[in-house]
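One structure is given below, encoded as structure tokens.
What follows draws every value from the coordinates through simple rules; no lab data is involved. What you see is a predicted model, and the numbers here were worked out from it, not measured in a lab. Every residue, glycine as well, gets a Cβ built from its backbone with ideal geometry; the counts of neighbours run over all protein chains shown.
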Amino acid sequence: MKQISSLALILFFLSISTFAQPYTIIPEPQQQTPGKGLFRLTPNSGVIYNNNQLQFMAGYLADVLTSNAKLAIKAKQGSTSQPGKINLFLDSKANGGKEGYELKVSEGSVLIKASTPRGVFYGIQTFLQLIPANGSKDIPAITIQDAPRFPWRGLMLDVSRHFFTIDQVKRMIDQMVVYKFNLLHIHLTDDQGWRMEIKQLPELTRVGAWRVPRTGLWWERDCPQEGEAATYGGFYTQQELKDLISYASARFVDVLPEIDVPGHSLAAIAAYPYLSSTGLNYKVNPGCKFYTIEDNALCVGKESTFEFLDKVFTEVAAVFPFEYIHVGGDECYKGFWEKCADCQKRMKDNGLKNTNELQSYFIKRLEKMLEQKGKKLMGWDEILEGGLAPKASVMSWRGMDGGIAAAKENHHVVMSPSNYAYLDLYQGDPAIEPPTYSMLRYKKVYEFEPVPDGVDPAMILGGQGNLWTESVPTFRQAEYMLWPRSFALAEVLWSPKSSRNWDRFVQKTEAHFDRLSKADINFSTSVYDAIVIPSKDANGQLQIKLDTEIGGLDLYYSFDNTYPDHHSSKYTKDELLSIPKDADHFRVITYRNGKPLGRILTISLEDLSKRVKK
Ligand code: ACM
């Protein structure tokens, strides 16, 4: 009896603490202990910092408070913690290592303490999330100890398929750092555009940065017509990139440049046709089919290819201070190498058995080239094919297997498997989302585990979400694809694995939807939509099951071409719906607490039939 009552008491307090939990910090801190009372932000709540190195971020904090909380808050240097103020302290004895921090909000003051400026910066981000989104200036007392799980917390933006301005990339950095990402991988080159000024190779941007304008379905577009002007595109001067890098660096974001070779090189080849095995003139690709038809791979047989790359990487290494350069290596179509006399000679001279080994030869030479410039090489997991370069690091995208194999050979790995971390994929039903390749719902991203069983965790630097932009023509759409899925990545990469809790994370997500709305940042609400699961019965008749990503939703549907609402048929969990005779469309909407929440999905039954796996 005594046991039962103490268990009941524990459950009671657990439920109180769950319900009373007012904090919605993403990513979840390592440890947080609610305190008593509130700290009230007032016009006198200045920011005090104890070290010159914190001057920028003290100003940053004061600016954000001034604009968000509408209080004219000033930053001042001072050597001791002051009552009523937000105190930023660099303290070599603070807990949390290189990126961690301690944060104490009490009635009297706020103290953010870390052994590095970076740690203080993350403490500031957490503090800003403690300020209620509803405009209240009362911040509940709390003590937080925090540090990240992984040192590599990245997002990639593909600026080749669609071009984004430096200001837009800065805006992305502003958004990333709120969630403690520390790495921006910028995919600077591809078949659809070369985006970095290389002073010794001016055609790369004069020709390679521009393609004919097209909208519509990627890979279904018209190829460039004879004489058609290439007017869509753009590039970054080295000065602009340096400005971007210093903006990122002030916010503790490293910028990883990617020059994608030897495949994905059509823009460079359009600028300098001698670079490919065929030597033919091609145009920068606008999203029309060209793979295996046009030669988008650099010729590995000719020395001139390596002379070209030496010029490129000399300038890339001089502009980007980050220790790594990403050389791509993915999806190289090697068919033209098979027919290229120079490539064949290279293979013969070096005893290379096949074109995978030729690619490996190429990457190994790049590794030496980068080493001479003081840089380390990273590539997509295809660089394993034909043998990994001795010190290369691998970014695993075709699932985790490449990363596992590389880690087992003692190479560092960044996990960015497409099935958990590709932010270009559908996040909701294809009937109402922009066309793309396959599905990656929010919940699945939250289930990402970067350290596979049996792998030494020390070899896994961390993980990364990749935003490819074939179907992302605007920055607004980039935001839609980034958020909220990058919330999930942030929590996977920063927070202790043991703290993951989907239901709680959904509550936090909703609080952050409010914050994004207020900041006019676009995001997807697909997580509120129904999931439609078609199948066929034993007689081949279509049937439909419904589900939702989050709990607590009601589903209403129709087959009669009316828009469903709470007067329509209500779905019962796990029910199998059969199709009324002659129905041609299925519609479904979600409700919560009697109010419409998700978007109406309208899907033709023909499409649903096609979705059923054979
Ligand atoms: C990739 O998605 N091709 C790296």
Seminar exercise, completed: Per residue, the convex hull enclosing the alpha carbons of segment 253-387 has a volume in Å³ of 112 Å³
Exercise. What list of ³J(HN,Hα) values in whole Hz, one per residue of segment 421-436 in order, does the Karplus curve 6.51 cos²θ - 1.76 cosθ + 1.60 (θ = phi - 60°) give from phi, with Gly and Pro shown as x?
Worked result: 9, 9, 7, 8, 7, 4, 10, x, 4, x, 5, 10, 10, x, x, 8
Seminar exercise, completed: Each label sits 7 Å from Cα toward the beta-carbon; between R206 and S136 the label points are separated, in nm, by 6.3 nm
For this session: Could you list which residues have their amide H under 5 Å from that of H185, counting only those 5 or more apart in sequence or on another chain, with H placed in the peptide plane?
Result: L155, M156, L157, L256
Exercise. So how much slack lies between Q372 and Q507, counting 0.36 nm per residue of separation and subtracting their Cα-Cα distance, in nm?
Worked result: 43.6 nm
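Could you tally the net charge around F235, taking each other residue with its Cβ under 11 Å from the Cβ of F235, Lys/Arg +1 and Asp/Glu -1?
Combined, the nearby Lys, Arg, Asp and Glu give 0.
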Exercise. What order do you get for D260, D349 when you list them from fewest to most C-beta neighbours inside 10 Å?
Worked result: D349, D260
Exercise. Under 5 Å between amide H atoms, partner at least 5 residues away or on a different chain: which partners does I73 have, H built in plane at 1.01 Å?
Worked result: T66
Exercise. Expressed as a whole number of Å, what is the distance separating the alpha-carbon centroids of segment 546-614 and segment 123-182?
Worked result: 36 Å
Exercise. Residues with beta-carbon under 11 Å from that of N68, excluding N68: net charge, scoring Lys, Arg +1 and Asp, Glu -1?
Worked result: +3
Exercise. With each run of n ≥ 4 DSSP H residues scored as -39500 (n - 2.57), what mean residue ellipticity at 222 nm is computed for the chain after dividing by its residue count and rounding to the nearest 500 deg cm²/dmol?
Worked result: -9000 deg cm²/dmol
Problem set entry | Label point distance in nm, K497-S67, each placed 7 Å from Cα along Cα→Cβ | 3.9 nm
Exercise. Hey, in the chain, which Cys have no second cysteine's beta-carbon closer than 4.7 Å?
Worked result: C299, C332
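Please give the FRET efficiency for E409 paired with F306, using the beta carbon to beta carbon distance and R0 = 41 Å, rounded to the nearest 0.05.
0.95
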Exercise. Which of the aspartates and glutamates could a cross-linker span from K581 if the Cα-Cα distance has to be under 14 Å and same-chain partners fewer than 8 positions apart are dropped?
Worked result: D560, E606
For this session: Multiply the residue separation of K545 and R476 by 0.36 nm, subtract the distance between their alpha-carbon atoms, and state the gained length in nm to one decimal.
Result: 21.5 nm
Exercise. Counting Lys and Arg as +1 and Asp and Glu as -1, each charge on the Cβ, what is the dipole of the chain about the Cα centre in debye, to the nearest 20?
Worked result: 1680 debye
Problem set entry | Label zone at D167 (point 7 Å along Cα-to-Cβ), backbone N below 17 Å, segment 206-220 | none
Exercise. Around Y528, what is the net charge, scoring Lys/Arg as +1 and Asp/Glu as -1 over all other residues with Cβ under 10 Å from its Cβ?
Worked result: -1
Problem set entry | Relative contact order [Cα under 8 Å, 6+ residues apart], segment 535-590, whole percent | 41 percent
Exercise. Where does each of T355, T143, T602, T572 land when they are ranked from fewest to most other beta-carbon atoms within 10 angstrom?
Worked result: T572, T143, T602, T355
Problem set entry | Taking Y591, Y122, Y420 and counting other C-beta atoms within 10 Å, the order from fewest to most | Y591, Y420, Y122
Problem set entry | Gyration tensor (Cα) of the chain, equivalent ellipsoid semi-axes in angstrom | 43, 35, 23
